Structures are given as structure tokens and as C-alpha cells.
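The values are calculated or read from the model by the stated rules, or taken from the named source; none is laboratory data. If you're wondering where the values come from, they're calculated on a predicted model, not measured in any experiment. Counting neighbours? That spans all protein chains shown, and the Cβs are built from the backbone with ideal geometry, glycine included.
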Amino acid sequence: MLRSRRLLLRLAPAFFALACAGGMASAVSAAEIHLVAARGGQIANLSLDDAEQLFLGRRTTLANGTPVKLVDLPAGTVRDRLYLLLTGKNPIQTRAYWSRQVFTGRALPPREAESQQQARDWLATTPDAIGYLPADVIDDRLQILLRLP
């Protein structure tokens, strides 16, 4: 009994450090994600349903017929969180979904940027593009179409 208590006391700082690191990671991933487009571009607004349909490849145009090009961030916490909030799919489900879509020829996934900065620049210079970024990456060249918590 005494031996297990000593072991627990020795390991407690390591568990505490892991718990804190996990808390920081969840705080980072909890940043608000915004769906954005070029300011003054062809896209003025976007509903949650439209965003889901577009990012699942079920539609390539908005309800008014405007064609849209989608921009995806590289694999990571922001992308995983967007798909989870928007479609209810976790990263494994999302990859499987897109594999099926591509294999069957139904749809192609959004164009993937190499970084958040590259995505921001693509979105700012492409009038018919929609993408998503963390709130702290958005600049005045972009307009916010939809906010996800």
C-alpha cells in the first residue's frame, strides 16, 4: 500500500503536466472557425446547410446558381474541427467519405492549401472561392460568411 502511494506521488507531476498540455490543446482547437470569401467577391452570404452541402461535395453551386470553388486547410485540428462541426463526421469518417466520393466519380474534394496563410491568400484573390480559417488568421481582404463556435 505504501509502495503504491509513493509511486502515485512520483507520477503525479507527470499526469498533471499531461493534463495541462491536453487543456492547452483543447483551448487551441476551441478557437472560433469562420467560413470566408473575398471581400467584394461574388459570394455575399452562406447558410449552414449550404456550407455542409458544399463541403461534402453534394453541390458545387450556391442556391442562386453561383459556382463555387472550395479551399481546404491542410490536415490538422482546424480542419478536423470544421468537418466535425459542419458535417458531424470525425477525421476518419471524413477521409472515408471523400475516398468513396472520388472512387465512384461523384465529387472531388476541395483544393487543399499548404498553410493557413496560403489559404487566406487564395481566398482573398479568388472571387468565387469559399474556405474556412481560424478567427485570428482572417484579414480585411476577406468577409465572414458564417461563424462556427
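Tabulated data for the structure shown
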item: Odd one out for D139 among (1) assigned to a loop (DSSP other than H, G, I, E, B); (2) touching a residue at least 24 places away in the same chain (Cβ under 8 Å); (3) exposed (fewer than 14 other Cβ atoms within 10 Å of the Cβ); result: (2)
item: Residues of region 115-133 satisfying the condition of being more than 23 Å from L62 (Cα to Cα) and either of a type in the set (D, E) or touching a residue at least 12 places away in the same chain (Cβ under 8 Å) (or both); result: S115, Q116, Q117
item: Criterion (buried (at least 17 other Cβ atoms within 10 Å of the Cβ) and modelled with pLDDT of 95 or more) met by exactly one of R95, R100, R81; result: R81
item: Looking only at region 87-114, and only at residues there that are free of Cβ contacts under 8 Å to residues at least 24 places away in the same chain and part of a loop (DSSP other than H, G, I, E, B), the one that is farthest from T61 (Cα to Cα); result: N90
item: Residue in region 83-102 that is closer than 19 Å to E32 by Cα and in contact with a strand residue (DSSP E or B) (Cβ under 6 Å, 6 or more places away or on another chain) present; result: yes
item: Qualifying positions in region 62-75 - part of a strand (DSSP E or B) and loosely packed, with under 13 Cβ neighbours inside 10 Å; result: P67
item: Matching option when the condition is assigned to a helix (DSSP H, G or I) and either closer than 14 Å to I43 by Cα or within 16 Å of the chain's Cα centre (by Cα) (or both), among R147, R120; result: R120
item: Among (1) over 18 Å from A51 (Cβ atoms); (2) loosely packed, with under 14 Cβ neighbours inside 10 Å; (3) more than 14 Å from the chain's Cα centre (by Cα), the one test that S115 misses; result: (3)
